[in-house]
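S.K.: Encoded as structure tokens, here's the structure I'll be asking about.
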Amino acid sequence: MTVSNELNLPKPWIEGRFEENVITTTVEQAINWARQSSIWPMTFGLACCAIEMMAAGASRYDMDRFGAGAFRATPRQADLMIVAGTVTYKMASRVRRLYNLMPDPKFVIAMGACTVGGGPYFKWGYHVVKGVDLVVPVDVYVPGCPPRPEALLEGLMRIQDKIRGHKIHVQKGTNIKIPDELPLPHHSGYVDAPADQDPLLDHQKITG
Amino acid sequence: MAQDLLSRLKGKFGDSITGANTENMDPWIEVAPEAIVEVSKYLSTEPDLKFDMLNCISGVDYLHTDEKKAKKVDWEPHTQVVYHLSSISNKHTLVLKVILPRWKDGKEGQLPEVPSVAGVWRTADWHEREVYDLNGIFFTGHPNLRRILCPEDWVGHPLRKDYEQPLEYHGIRGR
């Protein structure tokens with residue numbers, strides 16, 4: 001078993017101790033690896049974001065690479081709810097019920113501007129819930145209108161990070177559970193300004 | 001065509017035809033609320049008219065909540081129900097309008113009433129439910145007048161100009 005080492009995460013002490021054909025690992029590590037590699041999402045498309053979710057599941061973007069391509073038609077078999085699309089007040093109670101029907105551990109991705117915070121319906125939409133986090137707890141927000149499939153895959157990888165940080169053991173001699181390790185941001189979004197370059201000011205000038 | 005039809009309807013229904021505009025690109029005829037069912041039946045059954053299709057029913061709310069804007073317009077606050085009719089076989093169209101007060105008897109909260117035309121055109125069933133749901137117009141004699149888009153226990157009619165979004169709905173923040 002290999003664990004992605006691109007992020008330079010600290011390996012558990014027992015990982016990779018011996019020669020190549022001997023595999024040693026912790027139960028926690030093995031369970032987390034199994035969980036993160038078989039996130040079954042629920043078929044849950046509410047609006048236009050669902051088209052992009054389908055594209056992410058199809059061959060070009062291939063969500064199956066992450067073991068998350070098995071879209072289940074029932075919440076009983078799903079680990080991940082990708083809320084893809086506008087959630088109306090009429091739908092909110094159904095979203096809540098479907099979330100409650102899912103077995104633990106369960107995760108929610110809020111996909112698209114509408115589910116993140118109401119989106120274009122924020123001010124005048126009388127029918128739209130202003131963010132699905134008012135209805136169910138959300139783990140990862142994927143902004144965009146709709147988000148590109150790559151963005152959804154990024155969100156999925158952040159869910160995997162979260163699963164990887166899950167701890168199952170307790171502190172030695174006590175009953176206190178060791179808290180889950182929240183993943184550090186993969187990238188901060190901060191960009192160094194190019195210092196030796198003049199700022200581009202007239203890029204919105206109408207030329208035609 | 002519209003002028004002929006108007007005089008024909010006026011001859012048959014008299015005072016029930018309360019107004020018209022035949023110069024428009026879309027000529028319309030205004031009908032009193034009580035007479036809408038008879039007029040509809042006549043228009044849909046008469047062989048040379050045969051308006052056999054109801055394209056849509058619209059509810060229009062004429063109200064400016066801004067006082068400055070309200071002073072500039074020449075109408076009093078009211079609501080309209082607009083029926084767009086077509087004849088597939090005779091290839092012509094017509095618009096009917098019914099003008100109603102915003103509230104019945106001027107009492108706030110009492111929905112204005114107009115007879116349902118669901119018995120003339122089956123399409124009217126869901127269209128009238130939508131107008132009832134969003135514009136708050138009560139269609140008397142409708143077979144199943146329930147909300148169609150909003151949840152059943154929703155309060156108010158969202159497309160009215162003076163509608164105010166509720167603060168919460170079943171524990172979910174509204175505004």
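S.K.: Given the peptides B:149-157, B:49-57, arrange them by the average over their residues of other C-beta atoms within 10 Å, most packed first.
M.R.: B:49-57, B:149-157
S.K.: Mind listing the long-range amide H neighbours of B:Met53? Cut-off is under 5 Å, sequence gap 5 or more, other chains count too, H placed in the peptide plane at 1.01 Å from N.
M.R.: B:Ser86, B:Ile88
S.K.: Then there is this: What does the highest-first list of A:82-89, B:159-166, B:115-122, A:21-28 look like by mean Cβ count within 10 Å?
M.R.: A:82-89, B:115-122, B:159-166, A:21-28
S.K.: If r is the Cβ-Cβ distance from B:Lys41 to B:Asn144 and R0 is 25 Å, what FRET efficiency results, to the nearest 0.05?
M.R.: Approximately 0.75, to the nearest 0.05.
S.K.: Using a 7 Å offset from the Cα along the Cα-to-Cβ direction at both A:Phe122 and B:Met1, what is the distance between the two label points in nm, to one decimal?
M.R.: Calculated label separation equals 4.9 nm.
S.K.: Then there is this: Counting each DSSP H run of 4 or more residues in chain B as -39500 (n - 2.57), what helix-only mean residue ellipticity at 222 nm follows after dividing by all residues, to the nearest 500 deg cm²/dmol?
M.R.: Mean residue ellipticity at 222 nm (helix-derived): -6500 deg cm²/dmol.
S.K.: Could I ask something else about it? Give me a comma-separated list of calculated 3J(HN,Hα) values for the range B:80-95, in order, Karplus coefficients 6.51, -1.76, 1.60 applied at θ = phi - 60°, integers in Hz, x for any Gly or Pro.
M.R.: Taking θ as phi minus 60°, the curve returns 10, 10, 10, 10, 9, 10, 9, 10, 5, 6, 9, 6, 9, 10, 7, 10 Hz for the range B:80-95.
S.K.: Rg and Dmax of the protein assembly as shown, using alpha carbons, in Å: what are they?
M.R.: When restricted to Cα atoms, the protein assembly as shown yields Rg and Dmax of 30.4, 102 Å.
S.K.: What average count of beta carbons from other chains do you get within 10 Å of the Cβ of residues in A:119-130?
M.R.: 3
S.K.: Based on the alpha carbon coordinates of the range A:55-116, what radius of gyration and maximum Cα-Cα distance (Dmax) apply, in Å?
M.R.: Cα radius of gyration and Dmax of the range A:55-116 are 12.5, 35 Å respectively.
S.K.: Find the centroid of the Cα atoms in the range B:1-70 and in the range A:54-80, then give the distance between the two in whole Å.
M.R.: Result: 54 Å between the Cα centres.
S.K.: Points 7 angstrom from Cα along the Cβ direction at A:Ser37 and A:Asp104: gap in nanometres?
M.R.: Going by the 7 Å Cα→Cβ label model, 2.6 nm.
S.K.: Mind giving me the nanometre distance, one decimal, between the label points for A:Ala47 and B:Lys161, set 7 Å out from Cα along Cα→Cβ?
M.R.: 2.7
S.K.: Next up: Each residue of the range A:90-106 in turn: what ³J(HN,Hα) in whole Hz from Karplus with 6.51, -1.76, 1.60 and θ = phi - 60°, glycine and Pro shown as x?
M.R.: 5, 7, 4, 5, 5, 4, 4, 5, 4, 5, 5, 6, 6, x, 6, x, 10
S.K.: Tell me, in nm to one decimal, what length is gained between A:Ser93 and A:Asn175 on full extension, where the rule is 0.36 nm per residue of separation less the Cα-Cα distance?
M.R.: Residue separation times 0.36 nm, minus the Cα-Cα distance, leaves 25.9 nm.
S.K.: Roughly how compact is the range B:57-173, stated as its Cα Rg over 2.2 N^0.38 Å to two decimals?
M.R.: 1.19
S.K.: To the nearest 0.05, what FRET efficiency results for B:Lys91 and A:Ala55 with a Förster distance of 41 Å applied to their C-beta separation?
M.R.: In this case the efficiency is close to 0.45.
Computed from the coordinates by the stated procedures, all read-outs in this text should not be read as laboratory data. Bear in mind the structure is a predicted one, so any value in this text is a computation, not a measurement. For neighbour counting, all protein chains shown are included, and Cβ atoms are generated from backbone atoms with ideal geometry for every residue, glycine included.
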